[in-house]
1. Could you list, ordered by first residue, the pairs with Cβ atoms under 6 Å in which the first is in region 152-180 and surrounded by fewer than 14 Cβ atoms within 10 Å (Cβ to Cβ) and the second is in a helix (DSSP H, G or I) and modelled with pLDDT of 85 or more, at least 6 apart or interchain?
2. Trp488 - would you say it is modelled with pLDDT under 85 and not in a helix (DSSP H, G or I)?
3. So for region 243-250 (the condition being in contact (Cβ under 8 Å) with a residue 40 or more places away in the chain, open to solvent by 60 Å² or more (accessible area, probe 1.4 Å) and out of contact with any strand residue (DSSP E or B) (no Cβ under 8 Å at 6 or more places or on another chain)), does at least one residue qualify?
4. Of the residues Met344, Met323, which single one is more than 22 Å from Ala89 (Cα to Cα), buried (at least 23 other Cβ atoms within 10 Å of the Cβ) and at pLDDT 80 or above?
5. Which residue, of Val255, Val311, Val276, Val272, is open to solvent by 40 Å² or more (accessible area, probe 1.4 Å), closer than 12 Å to Val217 by Cβ and touching a residue at least 24 places away in the same chain (Cβ under 8 Å)?
6. Does Arg704 count as out of contact with any Asp or Glu (no Cβ under 7 Å at 6 or more places or on another chain), farther than 24 Å from Thr597 by Cβ, surrounded by 16 or more Cβ atoms within 10 Å (Cβ to Cβ) and at pLDDT 90 or above?
7. Report whether or not Ser463 is buried (at least 18 other Cβ atoms within 10 Å of the Cβ) and either aromatic (Phe, Trp, Tyr) or more than 30 Å from Arg409 (Cα to Cα) (or both).
8. Just wondering, is there one or more residues in region 639-659 that are surrounded by fewer than 21 Cβ atoms within 10 Å (Cβ to Cβ), within 13 Å of Thr583 (Cα to Cα) and over 42 Å from the mean Cα position of the chain (by Cα)?
Amino acid sequence: MNTIFLGIVIFLCVLAIFDLVVGVSNDAVNFLNSAIGAKVAKFRTIVAIAAIGVFAGAAMSNGMMDVARHGIMTPEHFSFYEVMCVFLAVMVTDVILLDIFNTLGMPTSTTVSMVFELLGGAFAVAILKLAHSATAADGTLLGLGDLLNTEKAISVIMGIFLSVAIAFVVGTLVMWISRMVFTFTYRVNGKTTAYNGDMGGLTSSSLKIGIFSGIAVTSIIWFLLINGLKGSTLMSPELKQFINDNTLYILCGGVSVFSVIMTIVSALKLPVLKFVVLLGTFALAMAFAGNDLVNFVGVPLTGLEAYQDYVANGNGNPDAFLMESLMDSAHTPAIFLILAGLVMVLSLIFSKKAQNVVKTSVDLSRQDDGDEMFGSSPAARTLVRNSNATAKFVTRIIPDSILKWIDTRFNSEEMKLPQGAAFDLIRASVNLVLAGLLVAIGTSLKLPLSTTYVTFMVAMGTSLADRAWGRESAVFRITGVLSVIGGWFITAGAAFVFCFFLTNAMYFGKYIAMALAIALAIYLLVRSNFRTSKKEEAKETNLFTQILRSKDKTIIWTLLCKHIRIGNASRLRFVIDTYEAMTTAFLREQYQPLKRTASLIEDECKSLKRQRKQEIVTMQRLDPMQMISRNTWYFLGINSCQQMLYSLKRINEPLREHIGNSFPPMPDAYHERFIGTREAVLQLYRDTLHMLETGDFTNAEMLREACSNVQQQISKDRKRTLDTMHDGSANLNTLLLTIHVLQESQELTGALRHMIRGMNKFAGAED
């Protein structure tokens, strides 16, 4: 019996490693997004600084496991077996949920996950105990309030609402004020962010940067002392009391001293704002590791201590031995903290999912328009319409002179961002400072603010204040924010429900159910990581990003033409593969290839829609007069690609129905002629694909004439097939389907002919 529980404890510890890996992947967005979004340094440098902060925070954490031990349930009324059921269910649920969210690129809260998993598991056992009229040691009947501590869960829910609303509002307000002071063009590090090269005055710019950096550095250090080191053994009770008694003096003195230092450093043309951003990254990473470590290793280490207590005092009866020892607080041995910190650092360095989650936050807050990750939703469209109506009302009240002056402070078109940056250093600094301050204030007020929620919503608020959410992107950005926030609340419900049922399964299914749960967790983790690695390998360089970062219209035009050629060539390649696969499946009576291509066509339609939006956004950045003569030909080409996909869809649906119902196949007498027609169509597409790949449109008119010839040939084939319908030599349904495929093949050829004309005219149209 002890051997079985030892195996469970070992698995909990192994699962804790996965939890650390997945948890760091999820929470990496908290401390990486600002530095990465502003391109303050190379990615490996940013990760190295964050890694140092993570390791320092983990090593100096006090390792208190109170939430896992007795924060949700009252373990003195739970047996060892019941506790192990809850802990194993929590770990299996936690890893699966976090891995799913990370795979989707959606940041969530490890704190909420753990609390609601514990609540769901403990609630399941509590219901069972109440059903059996459980009593305390003194014989009194136990109630739900005796078995569970619901205050912690309620405080977390309140913290969610507070952190989401406050972080967004404060982020918007502070960023708006900061932008009014600095605008988007300012002198920093001896360089300028203005695209025209205007440097601005050295004294005034150094003074503004110095005061701003002084406030930022003081705030970060205060956050580091109050939140990052609050539980460390380095913080003696006397030192904590001194900080609490002299907070105002420390803050005022820090702002004064650091403002002077940073002003001098800025005047010497040193990278002041980069230092602020990297310091903030270190502080947030350190606080994250010190505070959230319990979310990852709290349950396994508590399970280990429960096992040790049971082996020493349980007398081999896991159902009767109560876990009174877990009512006391415990300190985690330093070796466990160091090992946990090492795992977190390695996960941060090598995790691809961490970069995926960071991309979601950075993409939703980037300054420019682009390829939006999310679609639109009714709620987002309603919010945008109401916001526009409110904005129009406010602008009617404010004098025009003030509105014009405010508009001059938001001169983002005159700003030159570093290559690959999503926003500037001012916004990155505000993101980190505000996130740190809000978490520190919440900690001092004993409000359970979530680091994930605060950092994400501050980033969204600052991007809104920076007017990054334009008319072209607002509805998509808001949909993304609502999706992420919805995911946070779904986390709580999913964690509770899933862990509730999983605990019940283990309670009644005993060790067989535990073994199955362990196997399920391993399987899902392996499958998820394999799928993600394949997905990452399939990603290609995004040419559209280069277009957005460029200000030279000549370069934009060259990149746009390349983007259109690559996109349309990709579409032709898809048509070639899909048309050939579908017709082959028809001839061979294979259903599965037709079923697979149906979903592939839908994905390709979405890809074409995304390409079209990217190219329209790009054309808006060019000279309108230049594009007047080209728009018609562009839309002729892109709409022809769309017609090709519609033709493939119209071919696939009846073929899938015909083969799926096992209707008669195409007669052998028709095979050779049909294959000849198919090969003629495919050869036209291959020749056009070669033309797009090389960019040589010399033979464009010859290809168009060849398309006309093939269309005429298909018309003759259709007529011959129609003539054979009267002799009864073949099944009528099969003949009608063959005629349908020939007709759509003719449509494919016609669409190709129009696309060739559009591409040729677009490339050669006069400016």
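1. Met180/Arg409
2. No, not satisfied.
3. no
4. Step by step, each of Met344, Met323 is checked, and only Met344 is more than 22 Å from Ala89 (Cα to Cα), buried (at least 23 other Cβ atoms within 10 Å of the Cβ) and at pLDDT 80 or above.
5. After ruling out the rest, the residue left standing is Val255.
6. Details: out of contact with any Asp or Glu (no Cβ under 7 Å at 6 or more places or on another chain): yes; farther than 24 Å from Thr597 by Cβ: yes; surrounded by 16 or more Cβ atoms within 10 Å (Cβ to Cβ): yes; at pLDDT 90 or above: yes.
Taking the combined requirement at face value, the residue satisfies it.
7. Numbers: buried (at least 18 other Cβ atoms within 10 Å of the Cβ): yes; either aromatic (Phe, Trp, Tyr) or more than 30 Å from Arg409 (Cα to Cα) (or both): no.
Against the criterion (buried (at least 18 other Cβ atoms within 10 Å of the Cβ) and either aromatic (Phe, Trp, Tyr) or more than 30 Å from Arg409 (Cα to Cα) (or both)), Ser463 does not qualify.
8. no
The values are calculated or read from the model by the stated rules, or taken from the named source; none is laboratory data. Here the structure is a predicted model, which means the values were calculated and not measured. Note that each Cβ is placed from the backbone with ideal geometry, even for glycine, and that neighbours are counted across all protein chains shown. Protein only, heavy atoms only, side chains kept; ligands, DNA and RNA dropped before computing areas. Shrake-Rupley method; radii C 1.70, N 1.55, O 1.52, S 1.80 Å.
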